[in-house]
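Chemist: Before I ask anything, let me first share the structure, which is written out below as structure tokens.
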Amino acid sequence: MTPTSAKAIAVCHTLSRSACVLAGLVGLTVLAGWTFNLPLLKSFVPGWGAMAPGTAVSLVLAAGALWLSRAREPSAHSPWVWLARIAAGGVILVGALALLQRALGLNLAIAGPLLPEADAVAELARSRVSLLEAIDLVLLGSALLLTGGKPRPASIQVAQCFALVTAFGAFLALNNHLFGSESLRDPQFFVNMALHTAATLLLLSFGLFSARPQAGLMSLFIAETAGGVLLRRLSIPVLLMPAVINWLELEGERRGILPVSFGWALDSAISAFLTGLLVWVVARIVHEKDLARLAIWSALRQREAEFSSAFEHAAIGMALVAPDGRWLRTNRSLRALVGYSAEEFQTRTFQDITHPDDLESDLVHVRAVLAGEIDTYQMEKRYLHKSGQEVVTWLSVSLVRDEGGQPLHFISQIQDITERKQVELALRESERFNRALIEALPAHIAVLDGDGRIIATNRAWRKFAEQTSAPPEQMSQGADYLNAYSRAATGGDARAATIVALIREIMAEGREDALLEFAHMSPQGQQWFQWRASRFVLPGPACVVLTQEDVTPIKRAEEVSRQSEARLANLINIAVDAIISVDENQRIRIFNQGAEQIFGYRAAEVLGQPLDMLLPARFVAAHGDHLRNFASSPEQARAMGARREIFGRRKDGSEFPAEVSIAKQR
């Protein structure tokens with residue numbers, strides 16, 4: 001595809017529109033001159049030849065056909081296309097009728113009835129369409145007919161060739177006027193045509209060229225190439241300079257300034273000079289283009305070096321891959337990732353080292369990119385290392401196309417995510433374990449979000465909800481737990497009010513957790529539960545974890561223990577013998593009624609006091625050592641006084657012999 005600039009194309013379209021407008025105005029002006037018999041409008045300049053009315057009609061039709069053919073890009077059956085074709089056919093018809101008149105020597109006088117004045121009819125006879133003019137009209141109409149709608153490139157080339165021949169004929173007529181040829185006095189001479197006719201035909205020819213600047217001969221003229229630059233810079237001097245020089249020479253001879261023989265010498269010298277000048281200009285243009293090309297190649301080599309360095313030393317794997325899957329180029333990160341050398345990659349395709357389970361999905365994306373359905377794609381993909389080990393990667397692929405839209409190669413970026421996948425797998429396993437653990441816990445567990453809705457529950461919570469026939473809007477996942485308890489609190493439920501207050505305080509970060517025990521009547525009887533709420537921090541608003549545990553067996557065991565302790569206390573209290581219990585510091589903790597009767601103390605007087613107050617002073621030290629030895633021995637019980645008598649001391653100071661047994665209490 002020839003490189004062109006958008007600015008050049010826009011300029012061509014502007015020139016084409018301008019040519020349409022000017023040609024149409026010229027044709028309409030001449031027709032007005034013939035209609036109202038105004039000589040100035042027919043010839044534009046007094047003394048110049050008048051344009052034939054048939055030619056004026058043809059110019060208006062040609063301008064309309066060119067405008068319609070370039071103003072839109074319609075389908076072949078659009079009404080705009082048909083209007084353009086009809087107008088082009090009208091131009092061909094006028095030219096063909098003029099040729100027919102010339103060939104048969106007829107004067108059809110088609111416009112005669114429209115021109116009633118005798119002078120106008122006579123002038124019309126003198127202003128018939130010339131042979132060259134008729135040929136130009138037929139060629140111009142044919143060119144316009146070929147460029148209507150959406151023409152093929154070959155049709156555009158043929159049309160531009162016709163326009164080129166038309167331009168040559170018009171240029172020849174202009175030169176005829178420039179040099180003041182004697183033929184201008186002969187209206188029947190085949191080259192003769194009015195000056196403004198020749199100028200307008202030349203203008204329309206250029207307008208037709210500019211209407212399709214990206215195709216045909218015009219594409220070279222606007223191309224940003226050495227040939228395009230040469231053509232643009234040299235075409236106008238080559239066309240105009242010979243005519244200008246020859247005109248100056250002819251004027252010099254006519255005015256007697258230059259002898260005729262000197263004209264030939266001048267022609268030779270000027271031709272040689274101009275040829276040398278053109279050669280120099282061509283050489284300079286080519287030289288400038290070569291310098292620009294060398295600068296571009298240098299910049300491209302620099303960019304290639306920078307790209308190669310960045311490509312080769314990239315931290316992730318990168319590759320250029322052909323549309324058929326062949327590896328064109330790989331970097332060292334990719335080679336290290338899969339274990340193949342650059343030479344080994346050249347003998348393989350990406351299909352060869354792709355995990356079989358991932359190949360089809362990758363190929364589906366490749367086909368979609370090649371078809372133009374998507375521009376890029378990304379996917380998680382496994383490659384096979386040279387050792388056979390799986391390598392998990394994140395693949396990003398884009399396609400590079402040439403100027404014609406044909407695929408050149410893929411650019412693949414391949415990032416090793418094997419370690420990340422292993423971490424993700426470990427996290428998933430950990431999450432599954434934690435979930436299974438929470439599910440297996442006997443405590444009832446639920447998690448509330450920042451709005452008080454239940455977002456997760458365990459099996460024990462769900463089972464409890466089923467057993468108690470709790471309303472779904474209160475206990476099931478997704479239920480608005482806080483709102484349900486708020487409604488219950490509004491109805492007078494004190495426990496619900498306490499729960500709502502505690503949860504809201506935790507959500508407001510006023511406290512970390514809260515504990516509450518409550519009784520609940522179930523079909524199995526009264527049950528006791530320990531309810532706990534704890535703040536659970538996640539990204540976003542804090543969540544609340546609710547734990548509800550059945551403590552009924554503990555409560556029942558505590559009740560049994562209290563009852564047993566009460567019975568034991570009653571038995572101890574009514575025993576006749578003195579029963580005294582001390583702690584590890586030998587301070588009195590139990591002092592029953594029998595002890596009160598024997599020692600004369602009330603229990604309130606001795607509880608918390610040292611045991612020594614109940615012993616004579618001479619036995620205190622020995623008795624203390626005896627108790628400490630017993631406490632450190634494996635014995636659970638022992639009778640005291642086996643080797644000597646034991647005496648006690650009453651409140652009044654009197655002593656009495658006693659039989660003493662001691663036992664450890666756990």
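Chemist: Would you say Leu140 is surrounded by 15 or more Cβ atoms within 10 Å (Cβ to Cβ), on the phi < 0 side of the Ramachandran plot, modelled with pLDDT of 60 or more and out of contact with any Gly (no Cβ under 9 Å at 6 or more places or on another chain)? Reasoning before the result, please.
Modeler: Working: surrounded by 15 or more Cβ atoms within 10 Å (Cβ to Cβ): yes; on the phi < 0 side of the Ramachandran plot: yes; modelled with pLDDT of 60 or more: yes; out of contact with any Gly (no Cβ under 9 Å at 6 or more places or on another chain): no.
No; evaluated as a whole, the condition is false for this residue.
Chemist: Take segment 485-504 and flag every residue that is touching a strand residue (DSSP E or B) at 6+ places or on another chain (Cβ under 7 Å) and farther than 17 Å from His520 by Cβ.
Modeler: Once the filter is applied, which keeps residues that are touching a strand residue (DSSP E or B) at 6+ places or on another chain (Cβ under 7 Å) and farther than 17 Å from His520 by Cβ, segment 485-504 yields Leu502, Ile503.
Chemist: Suppose we filter segment 555-602 for residues that are part of a helix (DSSP H, G or I) and of a type in the set (D, E, K, R); how many remain? First the steps, then the outcome.
Modeler: Filtering segment 555-602 down to residues part of a helix (DSSP H, G or I) leaves 555-574, 593-599.
Imposing the further condition that a residue be of a type in the set (D, E, K, R) reduces the set to 555-556, 558-559, 562, 565, 567, 596.
Matching residues across segment 555-602 total 8.
Chemist: Where in segment 424-539 are there strands (runs of 3 or more DSSP E), lying fully within it, with 2 or more residues that are hydroxyl-bearing (Ser, Thr, Tyr) and open to solvent by less than 90 Å² (accessible area, probe 1.4 Å)? Break it down into steps so the answer makes sense when it comes.
Modeler: Working: elements: 444-448, 454-457, 513-522, 525-536.
Where strands (runs of 3 or more DSSP E) fall fully within segment 424-539, none carries at least 2 residues being hydroxyl-bearing (Ser, Thr, Tyr) and open to solvent by less than 90 Å² (accessible area, probe 1.4 Å).
Chemist: Which condition from (1) open to solvent by 90 Å² or more (accessible area, probe 1.4 Å); (2) in contact with an Asp or Glu (Cβ under 8 Å, 6 or more places away or on another chain) is the one that Leu408 breaks?
Modeler: Leu408 satisfies all of (1) open to solvent by 90 Å² or more (accessible area, probe 1.4 Å); (2) in contact with an Asp or Glu (Cβ under 8 Å, 6 or more places away or on another chain) except (1).
Here's the yes/no breakdown for (1) surrounded by fewer than 17 Cβ atoms within 10 Å (Cβ to Cβ); (2) among the charged types (D, E, K, R); (3) modelled with pLDDT under 80; (4) in contact with a helix residue (DSSP H, G or I) (Cβ under 6 Å, 6 or more places away or on another chain):
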position: Gly169; (1), (2), (3), (4): no, no, no, yes
position: Leu178; (1), (2), (3), (4): yes, no, yes, yes
position: Ala194; (1), (2), (3), (4): no, no, no, no
position: Ser205; (1), (2), (3), (4): no, no, no, yes
position: Leu208; (1), (2), (3), (4): no, no, no, yes
position: Gln214; (1), (2), (3), (4): yes, no, yes, no
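Chemist: On the given criteria, is Arg420 loosely packed, with under 11 Cβ neighbours inside 10 Å and either farther than 12 Å from Val321 by Cβ or not β-branched (Val, Ile, Thr) (or both)?
Modeler: no
Chemist: Does any residue of segment 315-332 turn out to be small (Gly, Ala, Ser), modelled with pLDDT of 75 or more, closer than 30 Å to Tyr383 by Cα and open to solvent by 50 Å² or more (accessible area, probe 1.4 Å)?
Modeler: Within segment 315-332, the first condition is being small (Gly, Ala, Ser), and the residues that meet it are 315, 317, 319, 322, 325.
With modelled with pLDDT of 75 or more added as a condition, the list becomes 315, 317, 319, 322, 325.
Within this subset, residues satisfying the condition of being closer than 30 Å to Tyr383 by Cα are 315, 317, 319, 322, 325.
Still in the running and open to solvent by 50 Å² or more (accessible area, probe 1.4 Å): 315.
Looking for residues that are small (Gly, Ala, Ser), modelled with pLDDT of 75 or more, closer than 30 Å to Tyr383 by Cα and open to solvent by 50 Å² or more (accessible area, probe 1.4 Å), one finds at least one in segment 315-332, hence yes.
Chemist: Which residue pairs have Cβ atoms under 9 Å apart, sit 6 or more places apart or on different chains, and have a first residue in segment 327-339 that is within 16 Å of His409 (Cα to Cα) and of a type in the set (A, V, I, L, M) and a second that is open to solvent by 30 Å² or more (accessible area, probe 1.4 Å) and in a helix (DSSP H, G or I)?
Modeler: Leu328/Gln346
Chemist: Sticking with this structure for a sec: Evaluate segment 183-192: report whether one residue or more is at pLDDT 70 or above and part of a helix (DSSP H, G or I). Walk me through how you get there before you give the answer.
Modeler: Of the residues in segment 183-192, the ones at pLDDT 70 or above are 192.
Filter once more, keeping what is part of a helix (DSSP H, G or I): none.
The answer is no; no qualifying residue exists.
For (1) under 53 Å from the mean Cα position of the chain (by Cα); (2) free of Cβ contacts under 8 Å to residues at least 40 places away in the same chain, each residue gets a yes or a no:
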position	(1), (2)
Ala6	yes, yes
Cys12	yes, no
Ala23	yes, no
Thr29	no, yes
Gly33	no, yes
Phe44	no, no
Val60	yes, yes
Ala63	yes, no
Trp67	yes, no
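Chemist: Among the numbered criteria (1) open to solvent by 60 Å² or more (accessible area, probe 1.4 Å); (2) within 23 Å of the chain's Cα centre (by Cα), which single criterion is violated by Phe307?
Modeler: That leaves (2) as the condition not met.
Chemist: Does segment 31-49 contain any residue that is surrounded by 24 or more Cβ atoms within 10 Å (Cβ to Cβ) and under 18 Å from Ala170 (Cβ atoms)?
Modeler: no
Chemist: Return a yes/no flag: does segment 567-578 have any residue that is within 19 Å of Arg649 (Cβ to Cβ) and over 60 Å from the mean Cα position of the chain (by Cα). Can you show your working first?
Modeler: Taking segment 567-578 and keeping what is within 19 Å of Arg649 (Cβ to Cβ), we get 577-578.
In the following step, the residues that additionally are over 60 Å from the mean Cα position of the chain (by Cα) were identified as 577-578.
Scanning segment 567-578, I find at least one residue that is within 19 Å of Arg649 (Cβ to Cβ) and over 60 Å from the mean Cα position of the chain (by Cα), so the answer is yes.
Chemist: From (1) in contact (Cβ under 8 Å) with a residue 40 or more places away in the chain; (2) open to solvent by 50 Å² or more (accessible area, probe 1.4 Å); (3) among the polar types (S, T, N, Q); (4) within 17 Å of Gly317 (Cα to Cα), pick out the condition that doesn't hold for Thr393.
Modeler: If we test Thr393 against (1) in contact (Cβ under 8 Å) with a residue 40 or more places away in the chain; (2) open to solvent by 50 Å² or more (accessible area, probe 1.4 Å); (3) among the polar types (S, T, N, Q); (4) within 17 Å of Gly317 (Cα to Cα), just (2) comes out false.
Chemist: Of these, Leu131, Leu93, Leu97, which one is aliphatic (A, V, I, L, M), at pLDDT below 85 and surrounded by fewer than 22 Cβ atoms within 10 Å (Cβ to Cβ)? So that I can check it myself, show each step before the final result.
Modeler: Values: Leu93 fails: at pLDDT below 85; Leu97 fails: at pLDDT below 85.
Unique residue meeting the criteria: Leu131.
Chemist: OK, next. Considering Ala315, Ala319, Ala299, which residue is part of a helix (DSSP H, G or I) and not basic (Lys, Arg)?
Modeler: Numbers: Ala315 fails: part of a helix (DSSP H, G or I); Ala319 fails: part of a helix (DSSP H, G or I).
Answer to the check: Ala299.
The values are calculated or read from the model by the stated rules, or taken from the named source; none is laboratory data. None of these values were measured; they are calculated from a predicted model. Positions of Cβ are backbone-derived with ideal geometry, glycine not excepted, and every protein chain shown enters the neighbour counts. In case anyone asks, the SASA skips ligands and DNA or RNA and just uses the protein heavy atoms, side chains included. Shrake-Rupley method; radii C 1.70, N 1.55, O 1.52, S 1.80 Å.
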